[in-house]
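Right, one structure below, let's go through it.
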Amino acid sequence: MSDIQFDAWDLPILYPLIAIYKVFDLINIPNPLTFSIVALTILVRFVIYPLMSKQIKSSQKMQALSPELS
């Protein structure tokens, strides 16, 4: 496995994915890779939620203003 090279953008995704996989494998969850991908997706959604909510509020304000701008 030492001959595999990863790009810099791979590492922030792979390290947490492998860590979550090892935890799920350690506690004998069936299909640990599937559950680790789902868990990482949920974790990322929680992390970006503040940014996402601000963007949604901003777009709703712009939508309310659009009839006045035309």
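Shown is the FRET efficiency for Val38 and Asp10, computed with R0 = 25 Å from the Cβ-Cβ distance and rounded to the nearest 0.05: 0.80. The angle between the Cα long axis of helix 11-26 and the longest principal axis of the Cα atoms of the chain comes to about 60 degrees, rounded to the nearest 10. Taking the C-alpha atoms only, the angle from helix 32-69 to the longest principal axis of the chain is near 10 degrees.
Among (i) 37, 11, 7; (ii) 39, 17, 8; (iii) 31, 14, 6, only one was calculated for this model; which label is it, if the read-out is semi-axes √(5λ) of the Cα gyration tensor in Å? Of the listed options (i) 37, 11, 7; (ii) 39, 17, 8; (iii) 31, 14, 6, (ii) comes from this structure. When the helices of the chain are scored as -39500 (n - 2.57) per DSSP H run of n ≥ 4 and the total is divided over every residue, the value at 222 nm lands at -27500 deg cm²/dmol. In loop segments of the chain as defined by DSSP, the chymotrypsin sites (Phe, Trp or Tyr not before Pro) with at most 12 further C-beta atoms inside 10 Å of their C-beta are Phe6, Trp9. Using only side-chain charges placed at the Cβ, +1 for Lys and Arg and -1 for Asp and Glu, the dipole size of segment 1-65 relative to its Cα centre rounds to 580 debye.
Of the residues Ala39, Ile27, Pro50, the one whose Cα sits farthest toward the positive end of the charge dipole of segment 1-62, with +1 on the Cβ of Lys and Arg and -1 on the Cβ of Asp and Glu, is Pro50.
Each value in this text was obtained by applying a stated rule to the coordinates, not by laboratory testing. Everything quoted here is computed from the prediction, not taken from an experiment. Counting neighbours? That spans all protein chains shown, and the Cβs are built from the backbone with ideal geometry, glycine included.
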